[in-house]
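The values are calculated or read from the model by the stated rules, or taken from the named source; none is laboratory data. These figures come from a predicted structure and were not determined experimentally. Cβ sites come from the backbone with ideal geometry, for glycine too, and all protein chains shown count toward neighbours.
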């Protein structure tokens, strides 16, 4: 399943969050349409185009500079737990087709 993130939404996450983990969760919410039904990500990461990946990485680095103590390595959370770069996708295009989820029980 593919979707497209909007750069202004992504930037708004960084400006409205005080913790980098909140930014990452916000990005997952934008990328996974049924996020409210997800109990657990069993396997995989979202994939995003190279331009979007690099922009988000730069935003995480800037975020870490403005929030000392959040990360020992600027951009480290994005590098370790963020989306995977896929050069076959458009800059802000996201693909979650390789992910598996455990959904919440109603």
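Tell me the strands (runs of 3 or more DSSP E) entirely within the chain that contain at least 2 residues that are loosely packed, with under 13 Cβ neighbours inside 10 Å and touching a strand residue (DSSP E or B) at 6+ places or on another chain (Cβ under 8 Å).
38-43, 100-103
Could you tell me whether any residue of region 58-68 is modelled with pLDDT of 95 or more and under 15 Å from the mean Cα position of the chain (by Cα)?
Yes, region 58-68 contains at least one residue that is modelled with pLDDT of 95 or more and under 15 Å from the mean Cα position of the chain (by Cα).
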